[in-house]
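One structure is given below, encoded as structure tokens.
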Amino acid sequence: MITVELSRANGDYGFEVKDAYGNTVRTDTSPETGGEDFGSRPMQLLLMALGSCSGIDVVSILKKQKQDLTDFKMKISGNRQAGVEPSLWTKIYVEFHIFGNVDEDKAKRAAELSINKYCSVAATLKAAGAVIEYNVFVHKSA
């Protein structure tokens, strides 16, 4: 069993959350609901987790394939249900930006494997009803 610890750290809703390895993340709610922008919104952390999980997968797959990956970036956007509580993610769009002399077909396959097979965060979001769409952009080195 993994345990995380949460402590109030700023105002009413600003928390520091420590994972099982001592790493800390700061969270807060929006100023409109009493927060002070002390940290990330919890629902946005889910998008960050998706990016991190999938990014690890894609980089790992491309490294195993001996691809010349020089940089890696992602952009993740999402829409949530309107007017209901809880307001779940309904549609998520992911852009993979892969830099270097990387085979485009291998990059696309790595992203597909991550989103549809390996990434536990993607599987969790899909199980909650989210649709995840993605595109892969390979930026070749000059």
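The values are calculated or read from the model by the stated rules, or taken from the named source; none is laboratory data. Please read all numbers here as calculations on a predicted model, not as lab measurements. Methodologically, a virtual Cβ is constructed for each residue, glycine included, from the backbone with ideal geometry; neighbour enumeration extends over all protein chains shown. Side chains are part of the model used for accessible areas, which takes the heavy atoms of the whole protein and leaves out ligands, DNA and RNA. Shrake-Rupley method; radii C 1.70, N 1.55, O 1.52, S 1.80 Å.
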| Out of all the residues in the range 119-127, is one or more out of contact with any helix residue (DSSP H, G or I) (no Cβ under 6 Å at 6 or more places or on another chain), closer than 18 Å to LEU47 by Cβ and touching a residue at least 12 places away in the same chain (Cβ under 8 Å)? | yes
| task | Sort out which residues of the range 1-28 are open to solvent by 80 Å² or more (accessible area, probe 1.4 Å) and charged (D, E, K, R), and write them in order of number. | result | GLU5, ARG8, ASP12, LYS18, ARG26
| task | Looking only at the range 86-93, decide whether some residue is free of Cβ contacts under 8 Å to residues at least 12 places away in the same chain and among the charged types (D, E, K, R). | result | no
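Being touching a residue at least 60 places away in the same chain (Cβ under 8 Å) and more than 17 Å from CYS119 (Cα to Cα): is that true of THR70 here? Explain how you work it out, then say what you get.
On the way: touching a residue at least 60 places away in the same chain (Cβ under 8 Å): yes; more than 17 Å from CYS119 (Cα to Cα): yes.
In short, yes.
Please list, ordered by residue number, the helices (runs of 4 or more DSSP H) wholly in the range 29-142 having 2 or more residues that are under 23 Å from PHE15 (Cα atoms) and open to solvent by less than 30 Å² (accessible area, probe 1.4 Å). Before you say what the answer is, go through the steps one by one.
Working: elements: 42-64, 104-113, 120-127.
In the range 29-142, 42-64 are the helices (runs of 4 or more DSSP H) which contain 2 or more residues that are under 23 Å from PHE15 (Cα atoms) and open to solvent by less than 30 Å² (accessible area, probe 1.4 Å).
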| field | Members of the range 7-25 that are assigned to a strand (DSSP E or B), over 14 Å from GLU36 (Cβ atoms) and without any contact (Cβ under 8 Å) to a residue 12 or more places away in the chain | value | SER7, THR24
